[in-house]
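A quick write-up on the structure given underneath.
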């Protein structure tokens with residue numbers, strides 16, 4: 001294997017690790033509610049924008065696997081499979097689905113400025129949809145059945161404006177970070 005190919009793979013691993021850590025740190029910055037307000041969405045979409053779909057999705061996956069293995073990377077310094085199987089786990093897994101969507105679409109569509117924004121917004125919708133369905137099932141098992149409008153009122157509606165601001169910030173900072181760090 002050539003030296004440049006090894007360097008590229010090493011850099012990929014470093015980028016993935018750095019952004020997995022960034023996602024964790026941004027998850028720790030939280031305001032506890034039914035679904036905690038965190039900067040996790042910002043870090044996830046920044047990872048996708050800076051690293052691209054493949055490496056960004058890998059960073060999200062590493063973050064989730066670290067949490068599942070017991071490293072306290074989730075909101076409130078929590079960790080474990082029980083978090084992923086709990087009421088907020090669907091939103092965490094939904095972020096991975098947003099990454100997969102970004103990865104797939106960037107391979108099918110020419111990636112430009114507006115593509116990035118639209119795919120981030122679609123990813124957020126996927127995260128909300130998957131997370132809310134998961135929440136309804138998990139909450140119903142642990143407490144009492146809850147309707148879709150109640151779940152949306154607790155878990156989505158309060159987050160729309162803050163999450164749109166986080167996406168706008170990731171959308172604005174992503175190209176600047178990619179250029180400054182010379183990430184291809």
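Just one of the listed residues (56, 70) is outside any helix (DSSP H, G or I) and either closer than 29 Å to residue 9 by Cβ or out of contact with any strand residue (DSSP E or B) (no Cβ under 7 Å at 6 or more places or on another chain) (or both), namely 70. Summed over the stretch 52-76, residues that are within 20 Å of residue 111 (Cα to Cα) and surrounded by fewer than 24 Cβ atoms within 10 Å (Cβ to Cβ) total 5.
Since every read-out is calculated from the coordinates, none of them should be taken as a lab result. None of these values were measured; they are calculated from a predicted model. In this analysis, Cβ positions are derived from the backbone assuming ideal geometry, glycine residues included, and neighbour counts consider all displayed protein chains.
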